[in-house]
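One structure is given below, encoded as structure tokens.
The values are calculated or read from the model by the stated rules, or taken from the named source; none is laboratory data. Remember, it's a predicted structure, so these values are computed and weren't measured experimentally. Backbone-built Cβ (ideal geometry, glycine too); neighbour counts: all protein chains shown.
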Amino acid sequence: MSDFLQSIIDRDPAANSKLSLILTYPGVKAIFFHRIANFFAIAKFDLIARIISQFSRFLTGIEIHPKAQIGKNLFIDHGMGVVIGETSEIGHNVTIYHMVTLGGIAPSINSDSQRKVKRHPTLMDNVVVGSGAQILGPVIIGRNAKVGANAVVTKNVPDNAVMIGIPARNVGTTSGEFKPYAVTDDSKENGNEK
């Protein structure tokens with residue numbers, strides 16, 4: 001737990017102390033409840049898992065399906081409106097900002113054909129997803145990739161890519177160093193501000 005909290009302090013200049021993270025950060029609470037819900041989901045107590053998940057959603061505004069697989073040190077900053085679907089897989093040291101959806105693309109008709117099928121994204125290690133981004137379908141977002149705010153990603157993203165727009169397009173590469181809001185130093189050189 002201490003490493004998890006320290007990873008947030010390392011990525012968020014507004015984080016003042018580990019105690020403040022525990023008491024005031026909705027992303028920290030959502031991860032805590034997800035670990036419990038995931039335990040019950042793995043044990044096949046699906047109803048209990050979903051109740052815990054929905055309680056967490058009520059408290060935090062963050063919806064994480066109990067069966068989603070989440071690695072170490074996921075930081076959900078601000079968090080309101082984040083949705084992480086059932087078959088989502090998230091690697092280590094990933095940062096997700098508010099209003100992000102890791103969702104499916106199939107319509108809700110013929111649901112039986114969609115059961116037990118990978119239909120949500122996989123985010124590899126060190127990915128940063130900017131606020132409002134939508135990552136849809138069973139796509140893979142490569143290591144160290146940055147997805148800009150409000151981008152819509154429906155295709156695989158290579159390692160170290162910087163993705164922006166609707167539909168998202170690759171506009172460069174990143175060093176893999178953490179940059180908040182998925183913005184690179186190149187944006188300063190082009191006259192844009194962070």
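Here are a few things to note about the model shown:
- Every pair of residues 6+ apart whose Cβ atoms lie under 9 Å, when the first sits in the stretch 6-23 and is farther than 13 Å from Leu74 by Cα and modelled with pLDDT of 90 or more while the second is among the aliphatic types (A, V, I, L, M) and surrounded by fewer than 11 Cβ atoms within 10 Å (Cβ to Cβ): Lys18/Met1; Ile22/Met1
- Candidate set: the stretch 134-156, residues that are under 18 Å from His65 (Cα atoms) and in contact with a strand residue (DSSP E or B) (Cβ under 7 Å, 6 or more places away or on another chain); chosen: the one surrounded by the most Cβ atoms within 10 Å (Cβ to Cβ): Ile135
- Condition met for Lys29 (at positive phi and without any contact (Cβ under 8 Å) to a residue 60 or more places away in the chain): no
- Residues in the stretch 24-60 that are closer than 17 Å to Leu74 by Cα and among the aliphatic types (A, V, I, L, M): Val28, Ala30, Ile31, Ile36, Ala37.
- Test: residue in the stretch 1-14 that is part of a helix (DSSP H, G or I), charged (D, E, K, R) and within 17 Å of the chain's Cα centre (by Cα): yes
- Considered as a group, the residues in the stretch 79-119 that are buried (at least 19 other Cβ atoms within 10 Å of the Cβ) and of a type in the set (Ser, Thr, Tyr) include one that is farthest from Ile9 (Cα to Cα), and that residue is Thr87.
- Matching residues in the stretch 71-92 - criterion: being in a strand (DSSP E or B) and in contact (Cβ under 8 Å) with a residue 40 or more places away in the chain: Phe75, Ile76
- Matching residues in the stretch 43-70 - criterion: being under 22 Å from Leu23 (Cα atoms), outside any helix (DSSP H, G or I) and in contact with a strand residue (DSSP E or B) (Cβ under 8 Å, 6 or more places away or on another chain): Ile62, Glu63, Ile64, Ile70
- Hey, Phe40 part of a helix (DSSP H, G or I) and either at pLDDT below 95 or over 22 Å from Pro66 (Cα atoms) (or both) or not: no
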